[in-house]
1. Please go through (1) under 30 Å from Ile288 (Cα atoms); (2) in a loop (DSSP other than H, G, I, E, B) for Gly232 and return the number of the only condition it doesn't satisfy.
2. Looking only at segment 52-75, which residues are buried (at least 19 other Cβ atoms within 10 Å of the Cβ) and not in a helix (DSSP H, G or I)?
3. Closer than 14 Å to Ile111 by Cα, among the aromatic types (Phe, Trp, Tyr) and either in contact (Cβ under 8 Å) with a residue 40 or more places away in the chain or assigned by TED's automatic domain parsing to the domain that holds Ile138 (or both), is that true of Tyr79?
4. Output the residue which, of all residues in segment 288-332 that are free of Cβ contacts under 8 Å to residues at least 12 places away in the same chain and in a helix (DSSP H, G or I), is nearest to Glu99 (Cα to Cα).
5. Could you please give the count of residues in segment 241-263 that are part of a helix (DSSP H, G or I) and touching a residue at least 12 places away in the same chain (Cβ under 8 Å)?
6. Could you list, in sequence order, the residues of segment 317-344 that are at pLDDT 95 or above and under 25 Å from Thr151 (Cα atoms)?
7. Take the residues of segment 107-117 that are under 21 Å from the mean Cα position of the chain (by Cα) and free of Cβ contacts under 8 Å to residues at least 24 places away in the same chain: which is nearest to Phe320 (Cα to Cα)?
8. For Leu171, are the conditions met, namely being crowded, with 22+ Cβ neighbours inside 10 Å, within 22 Å of Pro87 (Cβ to Cβ) and free of Cβ contacts under 8 Å to residues at least 40 places away in the same chain?
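The values are calculated or read from the model by the stated rules, or taken from the named source; none is laboratory data. What you are looking at is a predicted structure, and each value in this text was computed from that prediction instead of being measured. For neighbour counting, all protein chains shown are included, and Cβ atoms are generated from backbone atoms with ideal geometry for every residue, glycine included.
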Amino acid sequence: MTDEHGGNIYKYKNYLDFSANINPLGMPESVRNAVIESAYLCNKYPDPFCTELVGKISDYENVPSGCIVCGNGADDLIYRIIAAMKPENAVICSPSFAEYGKALTENNCKITEYILSEKNNFDVMPDFVELLTNDIDIVFLCSPNNPTGKTVNSVLLENIAEKCLKNDIILVCDECFMDFVCDGKNKSSHNFLNSKIIILKAFTKIYAMAGLRLGYAVFGSSELAEKVQHTGQYWSVSVPAQSAGISALGETDYLLKTVELIRKEREFLINEFSEMGLKVFQPEANFIFFKSDLPLDVLLERDKILIRNCSNYRGLEKGFFRTAVRNHEENIILVSALRRILNG
C-alpha cells in the first residue's frame, strides 16, 4: 500500500496489517478497562492541562511536571511546537516521518534536507553536524527513524545536542519507537537533555493505543514547554485518552515483555528475509525496512496482507518496503506468502 501512512484498515477490511507498527501484544487489559471506566466522565470537559497524567509522566521520565506537555498524539505536538516557535529555517532528514516537512511547509519555513543514503545504510553520519549553522532555528531527528528503524549513534547525538545548544537551535528528537529498542534508554537524547532539546513520545505504538491519540513532549526548558502548552486547541487530550495514559504508565512488565518479543521476532524476520535474498537494513525498532525489485505490496495484497510501500517517502525510490514485526503466528504467514511469491 502507498497511502500517506500505514494502517488504513477502513479501506482494507479483513486484511492482515503489517503496514502499521503497533505493539503485537495489543492494548494492555488495564488500559482497556481504564478507557471503559472513564466513560461516565465523558459528559465533562477533559482537564486541559492533563494534571494527573503529567504527574505520572513526570515520575516516569524523571523530569519536572512543568517540562511536559501532552497532546492529541505526537503529530499534534509537532504542529504545536512549530506554531509556537515560528521557525524560519529548519533541517530534517529524508527519508523520515512526513509530518515534519508538512508542518514546517504549512508554516512557511524553509527546509534543508539531509539525505540518508543507501550506501551508508541510511544512518545519520557525522557530516550532519555541518548543517547546524547559526541561521537554523529548528532540527527534527527521528530515532529510531521511520521508515528505516535506525537509531542515531549516541556519540553523534551528543555532538548534535551540543551544537544545537551552542547555536541556539531547537532540537526535536522524535523517540516514539524508542521503547521498542533493546537498551533504548542508553540511546535516548534524554541523556543529553539541555534547554534546546524537545523529546517526542507517544502511547500510540508501544501501548497499541493508536485510536485514542495520546502523545507527550519532554522539554529541557520549562519556558519552551509553557509556550507550546498555550499553542493549539485548549482541550487537546480526551478524558478516555488521559485515563488510558495514566493506566499505561504502570505497565512495567508489559514493556519488558514487548521488548523481548520484538527482539526475538525481529531477528526471526531478518533471518528469513535475508535467506530469501531481500536486502534488510538491520533495524532496531518494531519494524523492518528492506528492498526488493518486485512490487511486493501489490503481490501480498492478493493474499490479504498489507505492507508499507515506502516509495512516497522523500529521498526514496521504488523498491523499498517496511513491514511491522507482529506475533510469531502472523510473522510466519507473512514469510510463507513471501516465499511463494519469490520462489514462483
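1. The number of the failed condition is (1).
2. Val63, Ile68, Val69, Cys70, Gly71, Asn72
3. Numbers: closer than 14 Å to Ile111 by Cα: no; among the aromatic types (Phe, Trp, Tyr): yes; either in contact (Cβ under 8 Å) with a residue 40 or more places away in the chain or assigned by TED's automatic domain parsing to the domain that holds Ile138 (or both): yes.
Answer is no for this residue.
4. Within segment 288-332, the match that is nearest to Glu99 (Cα to Cα) is Val298.
5. Initial filter on segment 241-263 (part of a helix (DSSP H, G or I)): 241-248, 252-263.
Pick out the ones that are also touching a residue at least 12 places away in the same chain (Cβ under 8 Å) and you get 241-248, 254-255, 257-259, 261-263.
Matching residues across segment 241-263 total 16.
6. Scanning segment 317-344 gives Gly319, Phe320, Phe321, Arg322, Thr323, Ala324, Val325, Arg326, Asn327, His328, Asn331.
7. Here the residue is Ser117.
8. Numbers: crowded, with 22+ Cβ neighbours inside 10 Å: yes; within 22 Å of Pro87 (Cβ to Cβ): yes; free of Cβ contacts under 8 Å to residues at least 40 places away in the same chain: yes.
Judged against the criteria, Leu171 is a match.
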